[in-house]
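K.L.:
To start, I am sharing the structure in question, which I have written as structure tokens.
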Amino acid sequence: MILCNMADSCLKGKVCCCCQCEEKERCNDLCDNLGNLTDCGFAQMNQEDALVVMKKDAAAVIKAIADLTIQKKKIEEQEKGMRAQLIKAMEQYGVKKFESDSVTFTYTAPMVRNSIDSAKLKKELPDVAAKYTKTSNVSASVKIEVRG
């Protein structure tokens, strides 16, 4: 249920938002923001109701992002296969780098990479881990995963 901060002024004693009230068709005291909950400063929504309203308001952008994400996954799968073919060709002909009109391709040979196991370091030497921990601001983002 979407609650209303203005419910105490409701002549019928309702606490719900006018948009969900069963008496809204007969009410003379309807809210001005009835059709636009996102701009209403009086609506109080729990997470479930907020999700429903957000999905309705952002339906077009949600669908567009979902479609693009699926296309992106397919393109990345194609690219992975093509990269493997290009690596094979570059190794075969000993080419380390070349350019096209818009892209530079650089071959990197297989190698061994050393890294620090930060989870193990934090567990075994928490003081050292804390001393060398770097803090940085991270912008808000949305993670999108393609299922299937």
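K.L.:
Can we say residue 89 is exposed (fewer than 10 other Cβ atoms within 10 Å of the Cβ) and of a type in the set (A, V, I, L, M)?
P.N.:
no
K.L.:
Separate question: Criterion first (loosely packed, with under 10 Cβ neighbours inside 10 Å, under 30 Å from residue 55 (Cβ atoms) and of a type outside the set (D, E, K, R)) does residue 114 satisfy it?
P.N.:
It is false that residue 114 is loosely packed, with under 10 Cβ neighbours inside 10 Å, under 30 Å from residue 55 (Cβ atoms) and of a type outside the set (D, E, K, R).
Yes/no matrix, rows are residues, columns are (1) free of Cβ contacts under 8 Å to residues at least 60 places away in the same chain; (2) in the same structural domain as residue 74 (by TED's automatic domain parsing):
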{"site": "104", "(1), (2)": "yes, yes"}
{"site": "109", "(1), (2)": "yes, yes"}
{"site": "122", "(1), (2)": "yes, yes"}
{"site": "135", "(1), (2)": "yes, no"}
{"site": "144", "(1), (2)": "no, no"}
{"site": "147", "(1), (2)": "yes, no"}
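The values are calculated or read from the model by the stated rules, or taken from the named source; none is laboratory data. Keep in mind it's a predicted model, so treat the numbers as computed, not measured. So basically every Cβ, Gly included, is an ideal-geometry build from the backbone, and we count neighbours across all protein chains shown.
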